[in-house]
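What follows is calculated from the coordinates using simple rules that are stated; it is not laboratory data. Remember, it's a predicted structure, so these values are computed and weren't measured experimentally. Reconstructed Cβ throughout: ideal geometry from the backbone, glycine too, with neighbour counts over all protein chains shown.
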Amino acid sequence: MALVRTILLRACNEWEWIDRVPKVGMMKDSGGRMRSLTREEFSRLMTELPEHLADMAKFSVATGLRQVNVTRLLWRQISLERLHLCVGADQHKNGNAHAVPLNQAALSVLQKRQGVHPTQVFTYEGKNIVQVNTKAWRNALVRAGIEDFLWHDLRHTFATWHREAGTPIHELQRLGGWKTQSMVERYAHVAPEGLQIAACRLDVLM
């Protein structure tokens, strides 16, 4: 529906094919996909994945980076001394540069990959990885007994685990590089204990 509306706007304002833009009703946003792994499922998946995909999956959950930012990650984007990596504005979905702090899980993957390739962080048999939804990935999911799971759901796993660990919404937004807080609000239900503390403040007065 957004595409139809965009075409109609251009047909009126730029191409002058029509005199007015008819009203286009948008479909209600369902809130998006929310599939994430449990720690036990993640452990099973790591066991079944080939080494290069396991490294990438672990790094994805540790950092929350999108698939394209992981597959195209270069060593020059990373500062092991300062414990962060940078995704340029031209590489980031929201159009802004994104600095990612590196936790121990991410560092362990990077230290393991050092020396494998001079420029690319993640490669397979010396070549760039351009596709992760491979037969190896799908077969590993089957062997691990995991259904209805996409590579992008590793980012949902990152966000869900952070909320379960108590990471506030505003911090999660910055860690994951979401442009607005509303994009992160869908993970609020995962850790309602923050609101529980807020609700109990009235106990002092009552």
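Please compute the length gained on full extension between C200 and Y124, using 0.36 nm multiplied by the number of residues separating them and subtracting their Cα-Cα distance.
22.1 nm
Which percent of the Cα-Cα distances in the range 1-103 go past 17 Å?
Pairs farther apart than 17 Å: 69 percent.
Can you run phi through the Karplus equation (6.51, -1.76, 1.60; θ = phi - 60°) for the range 153-158 and list ³J(HN,Hα) in whole Hz, with x for Gly and Pro?
Ordered by residue, 3J(HN,Hα) equals 5, 5, 5, 5, 5, 3 Hz.
³J(HN,Hα) across the range 15-25 via Karplus (A = 6.51, B = -1.76, C = 1.60, θ = phi - 60°), whole Hz, x for Gly/Pro?
Whole-Hz 3J(HN,Hα) from phi for the range 15-25: 8, 6, 7, 10, 7, 9, 8, x, 5, 10, x.
Loop-only check: which chymotrypsin sites (Phe, Trp or Tyr not before Pro) in the range 7-81 are DSSP coil with at most 11 other Cβ within 10 angstrom?
Passing sites in the range 7-81 are W15, W17.
To the nearest 20 Debye, how big is the dipole of the chain about its Cα centre, given +1 on the beta carbon of each Lys and Arg and -1 on that of each Asp and Glu?
320
What is the sum of charges, Lys and Arg at +1 and Asp and Glu at -1, for the other residues whose Cβ falls under 15 Å from the Cβ of Q120?
+3
Order by neighbour count: H98, H152, fewest other Cβ atoms within 10 Å first, most last.
Taking fewest neighbouring Cβ atoms as first place, the list is H152, H98.
By counting other Cβ atoms within 10 Å of each Cβ, how are K135, K58 ranked from fewest to most?
K135, K58
Which net charge results when you count Lys and Arg as +1 and Asp and Glu as -1 among the other residues whose beta-carbon is under 14 Å from that of L85?
That sum, taken over residues with Cβ under 14 Å, equals +4.
Find the Cα radius of gyration of the chain, compare it with 2.2 N^0.38 Å by division, and give the number to two decimals.
Relative to the rule-of-thumb radius for its length, the chain sits at 1.26.
Explain nothing, just compute: Karplus ³J(HN,Hα) = 6.51 cos²θ - 1.76 cosθ + 1.60, θ = phi - 60°, for every residue of the range 93-108 in order, whole Hz, x for Gly and Pro.
Values, residue by residue: 4, 7, x, 10, 5, 10, 8, 10, x, 9, 8, 5, 5, 5, 4, 5 Hz.
So for the chain, taking the charge dipole from beta-carbon charges (+1 Lys/Arg, -1 Asp/Glu), which of N96, A159, V142 sits furthest toward the positive end?
Of the options given, the answer is N96.
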